[in-house]
Amino acid sequence: MQTTKILLEEVKALSDPDRAIIFARFFKSGPSQYGEGDKFLGIMVPQVRQLVGKYYRQLEHSDLDQLLSSPYHEIRLFALLVLVKKYQQTKLEEEKTNLYKYYLANRVHINNWDLVDVTTPQLVGDYLLTHPRDILYQLASSDNLWERRISIMATFAFIRAGEYEDTIKISKILLHDSHDLIHKAVGWMLREMGKKDKSLLINYLNESASVMPRTMLRYSIEKLTEAERQYYLKKKR
């Protein structure tokens, strides 16, 4: 707890009220927006990562419990990045499992797209490379926006490892999702898959382009040729 107190004092010293206002707008924290109620300190991500490197060894789960429940976005980001750092540094399978379980048990605090995107592939995705992936299908069917985003973003680790089946299956579950942030994430992962195996992306588009949300389609075809992009955009019409 003493470490947490010192950390929070350092965090306070880095805060920037003007930047915090910009962040609050950028992450849509206003009434009825997806990040409603989130608070910001105005600390840049590189500054947060520096603090992670400085403190991660000293922090226990009891400290992280406190940090993850913070109303401040950057403090929750810090705690999640500490989990990733601890996960990446340990060689012990039992500790990796405990960190994975702790991360998912605290997913109520993972409540904006950046918190998902910079931690889920590195921890959940990496862990599930060698473990059953049923949890992702449960999350893909969740009513919670961020759980659905976790489900598709975890597959980034699979794509990097040359495994694409779960990306395709989860994208189909999320194909008719109503939220723009899911459209973007699915399109992004399909694009990444296409960079590794273009034929899989083309097959997916031939089957689904006409019913894909436009944002999802646009994200997925970004790396195709102009002629290919126009072809699939016309299918959407």
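The values are calculated or read from the model by the stated rules, or taken from the named source; none is laboratory data. Note that the structure is predicted; figures quoted are calculated from it, not measured. Every residue, glycine as well, gets a Cβ built from its backbone with ideal geometry; the counts of neighbours run over all protein chains shown.
Looking for something of a type in the set (Asp, Glu), touching a residue at least 24 places away in the same chain (Cβ under 8 Å) and part of a helix (DSSP H, G or I) - is there at least one such residue anywhere in the stretch 141-155?
yes
Restricted to the stretch 205-218, and to residues that are buried (at least 21 other Cβ atoms within 10 Å of the Cβ) and in a helix (DSSP H, G or I), which residue is farthest from the chain's Cα centre (by Cα)?
Leu205
Can you pull out the residues in the stretch 216-237 that are closer than 17 Å to Ile170 by Cα and among the polar types (S, T, N, Q)?
The answer is Ser220, and nothing else.
I'm trying to understand the selection: among the residues of the stretch 164-222, which are of a type in the set (S, T, N, Q) and touching a residue at least 24 places away in the same chain (Cβ under 8 Å)?
Listed by number, the residues that qualify are Thr167, Ser171, Ser208, Ser210, Thr215, Ser220.
Just wondering, is there one or more residues in the stretch 46-64 that are under 15 Å from the mean Cα position of the chain (by Cα), surrounded by 14 or more Cβ atoms within 10 Å (Cβ to Cβ) and in a helix (DSSP H, G or I)?
Kept after step one, since they are under 15 Å from the mean Cα position of the chain (by Cα), are these residues of the stretch 46-64: none.
No; the residues of the stretch 46-64 include none that is under 15 Å from the mean Cα position of the chain (by Cα), surrounded by 14 or more Cβ atoms within 10 Å (Cβ to Cβ) and in a helix (DSSP H, G or I).
Looking only at residues that are among the hydroxyl-bearing types (Ser, Thr, Tyr) and surrounded by 14 or more Cβ atoms within 10 Å (Cβ to Cβ) in the stretch 139-186, which one is farthest from Arg218 (Cα to Cα)?
In this case the residue turns out to be Ser142.
Specify the residue that is farthest from Gln138 (Cα to Cα); the eligible residues are those in the stretch 187-201 that are under 19 Å from the mean Cα position of the chain (by Cα), buried (at least 21 other Cβ atoms within 10 Å of the Cβ) and not small (Gly, Ala, Ser).
Only one residue tops the list, namely Met193.
Tally up the residues in the stretch 108-138 that are surrounded by fewer than 23 Cβ atoms within 10 Å (Cβ to Cβ) and in a helix (DSSP H, G or I), please.
14
If Tyr55 satisfies every condition in (1) at positive phi; (2) in contact (Cβ under 8 Å) with a residue 40 or more places away in the chain but one, which is the exception?
For Tyr55, the failing item is (1).
How many residues are touching an Asp or Glu at 6+ places or on another chain (Cβ under 9 Å), at pLDDT 95 or above and either of a type in the set (Phe, Trp, Tyr) or not in a helix (DSSP H, G or I) (or both) when one looks only at the stretch 1-27?
Summing the residues that are touching an Asp or Glu at 6+ places or on another chain (Cβ under 9 Å), at pLDDT 95 or above and either of a type in the set (Phe, Trp, Tyr) or not in a helix (DSSP H, G or I) (or both) in the stretch 1-27 gives 3.
Look at the stretch 69-85 and say how many of its residues are assigned to a helix (DSSP H, G or I) and farther than 17 Å from Ala157 by Cβ.
Step one: of the stretch 69-85, the residues assigned to a helix (DSSP H, G or I) are 73-85.
Still in the running and farther than 17 Å from Ala157 by Cβ: 73-79, 82.
Within the stretch 69-85, residues that are assigned to a helix (DSSP H, G or I) and farther than 17 Å from Ala157 by Cβ number 8.
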